[in-house]
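First up is the structure itself, then whatever we jot down about it.
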Amino acid sequence: MQTWTARPVPALPGAGGTVRVHDTAAGALAPVAEAPGAPVRMYVCGITPYDATHMGHAATYVAFDLLHRVLLDAGHAVHYVQNVTDVDDPLLERATATGVDWRHLADVETALFATDMAALDVLPPQEWVGAVEAIPSIVPAVEALVAAGAAYAVEGDVYFSVAADPRFGEVSHLGREQMLALFAERGGDPDREGKRDPLDALLWRAHREGEPSWDGASLGPGRPGWHVECVVIARDHLGPHIDVQGGGSDLVFPHHEMGAAHGHALDGPPFARRYVHAGMVGLEGTKMSKSRGNLVLVSRLRAQGTDPAAIRLALLAHHYRSDWSWSTAGMAEATARAVRWRQALARRHGPDARPVLAAVRERLADDLDAPGALAAVDAWVAASEEPADDAVEGAPDLVARTVGALLGVRL
Ligand code: 5CA
Ligand code: ZN
């Protein structure tokens with residue numbers, strides 16, 4: 001797919017240090033890259049394009065955009081791949097319910113997402129790959145799993161056997177009961193008759209009347225399961241072992257647990273060195289979800305004239321790992337911050353900016369502490385509002401570049 005374009009990242013003097021993030025599998029902070037300066041292979045789960053991008057999606061993609069930016073600043077070449085789940089049950093169900101063609105729905109929502117990401121200054125992935133275009137690679141991967149004894153058929157559908165991966169459970173560390181509950185809640189079918197284990201996940205769904213299907217070679221006509229889509233796209237573009245598997249925390253189980261298990265059965269462990277998850281964003285205290293209809297959409301805020309830089313500041317005011325609620329009060333605070341920063345950054349002179357650059361780098365390298373980074377800029381802005389004899393010419397410009405390059409906020 002054609003990605004969006006981003007504004008160039010402003011140049012900064014020097015380079016950032018080792019970037020650490022919280023790894024869900026390890027339950028601890030860990031360096032992202034294998035070594036200083038090593039290339040980083042990053043896969044972040046993309047949207048299912050059946051509705052417009054809400055603040056929760058935006059928060060997750062902005063979190064991984066911060067990671068992308070700090071890795072670049074630390075001198076890593078980042079190979080970033082993202083998928084689009086452009087065929088799956090929720091998309092087909094929405095298309096049927098609203099009487100539109102599923103392909104049209106996916107195209108429209110994918111294009112809107114790209115516009116939203118560009119407006120929020122999210123750097124695009126190098127490859128943005130749809131599930132449909134990945135089917136020619138998904139089919140042989142599922143065939144390989146069958147051949148390896150890691151997959152089996154149930155009435156023409158093909159399932160992954162979780163027993164094939166001795167490490168199954170090491171991403172989420174959940175107990176069996178929790179796994180069963182989440183599996184049922186998030187697209188799984190624990191009660192399907194004929195499976196070896198209720199947790200076994202669908203790899204290939206045989207053609208059903210009224211559903212789209214593709215040639216599956218020895219699997220027969222059908223369409224891909226969800227987890228295998230991401231694993232195959234990641235290994236096609238990044239190779240069998242990646243550095244970062246990212247997404248929102250609702251993907252820890254079953255999606256990333258299952259993806260890791262598929263990857264281990266195909267190529268041996270580890271699928272990813274780090275599993276990184278962003279918290280869930282709600283709305284004024286409740287869960288934001290399409291089914292509840294309580295969505296705050298990036299596109300709607302933009303249409304109302306909200307400054308995208310202020311939207312980004314509203315997202316960055318929360319640590320990416322915390323669960324939080326979008327609120328109009330939070331948006332108003334972010335708008336006020338954008339106005340105040342813009343004024344300070346428009347001046348020719350200001351307090352020495354180098355400590356701000358160092359502090360923003362240091363805060364972001366420590367598990368993407370965006371609130372800490374904002375506080376460092378706030379302190380400089382407050383100081384710049386006081387009269388001073390030692391103001392440095394060009395300091396506001398360096399702060400503007402710091403904020404632009406590392407936080408992705410253009411003022
Ligand atoms: N297509 C799959 C991933 S392969 C999918 O989960 N799509 S999605 O459209 O439902 O979500 C896209 C991304 O936004 C995922 O990383 C998901 O974890 C994240 N996300 C969804 N809802 C929220 C929310 N309320 N808060 C934060 N992140 C969210
Ligand atoms: Zn995914």
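Quick notes
- Among the residues of the range 194-209, those that are away from ligand 2 (no atom under 16 Å from the Cβ) and in contact (Cβ under 8 Å) with a residue 12 or more places away in the chain comprise GLY194, LYS195, ARG196, ASP197, PRO198, LEU199, ASP200, TRP204, ARG205, ALA206, HIS207.
- Filter pass, PRO269 being away from ligand 1 (no atom under 12 Å from the Cβ), touching an Asp or Glu at 6+ places or on another chain (Cβ under 6 Å) and more than 24 Å from ASP189 (Cβ to Cβ): no
- Number of positions in the range 213-267 that are more than 13 Å from ligand 2 (Cβ to nearest atom), within 19 Å of TYR152 (Cα to Cα) and not in a strand (DSSP E or B): 12
- Residue match in the range 199-208 (condition: in the same structural domain as LEU266 (by the TED database), surrounded by fewer than 16 Cβ atoms within 10 Å (Cβ to Cβ) and farther than 27 Å from ASP323 by Cβ): yes
- Pairs linking a residue in the range 212-232 that is over 24 Å from THR96 (Cβ atoms) to a residue that is within 12 Å of ligand 1 (Cβ to nearest atom) and small (Gly, Ala, Ser), with Cβ atoms under 8 Å and 6 or more positions apart or on different chains, are CYS230/GLY259; VAL231/GLY259; VAL232/ALA134.
- If the condition is being surrounded by fewer than 24 Cβ atoms within 10 Å (Cβ to Cβ) and free of Cβ contacts under 8 Å to residues at least 60 places away in the same chain, then the range 250-269 contributes ASP267, GLY268.
- Pairs meeting the criteria (first residue in the range 40-55 and under 18 Å from PRO240 (Cβ atoms), second residue more than 8 Å from ligand 1 (Cβ to nearest atom) and among the acidic types (Asp, Glu), beta carbons under 8 Å, at least 6 apart or on different chains) are VAL40/ASP243; ARG41/ASP243; MET42/ASP243.
- Counting the residues of the range 29-49 that are more than 8 Å from ligand 1 (Cβ to nearest atom) and out of contact with any Gly (no Cβ under 8 Å at 6 or more places or on another chain) gives 10.
- Conditions (1) without any contact (Cβ under 8 Å) to a residue 60 or more places away in the chain; (2) within 31 Å of the chain's Cα centre (by Cα): number failed by GLU362: (1)
- VAL81 being within 16 Å of ligand 2 (Cβ to nearest atom) and β-branched (Val, Ile, Thr): yes
- Counting residues in the range 112-120 that are within 16 Å of ligand 2 (Cβ to nearest atom) and aromatic (Phe, Trp, Tyr) gives one or more.
- Residue match in the range 202-209 (condition: closer than 25 Å to ILE47 by Cβ, of a type in the set (A, V, I, L, M) and not in a loop (DSSP other than H, G, I, E, B)): yes
- Matching residues in the range 78-118 - criterion: being away from ligand 1 (no atom under 16 Å from the Cβ) and farther than 20 Å from CYS45 by Cα: THR96, ALA97, THR98, GLY99, VAL100, ASP101, HIS104
- Residues of the range 361-394 that turn out to be touching a strand residue (DSSP E or B) at 6+ places or on another chain (Cβ under 7 Å), farther than 18 Å from ALA15 by Cα and among the hydrophobic types (A, V, I, L, M, F, W, C), as a count: 2
The values are calculated or read from the model by the stated rules, or taken from the named source; none is laboratory data. As the structure is a computational prediction, the values presented were derived from the model and not from experiment. Every residue, glycine among them, receives a Cβ derived from its backbone with ideal geometry; neighbour counts consider all protein chains shown.
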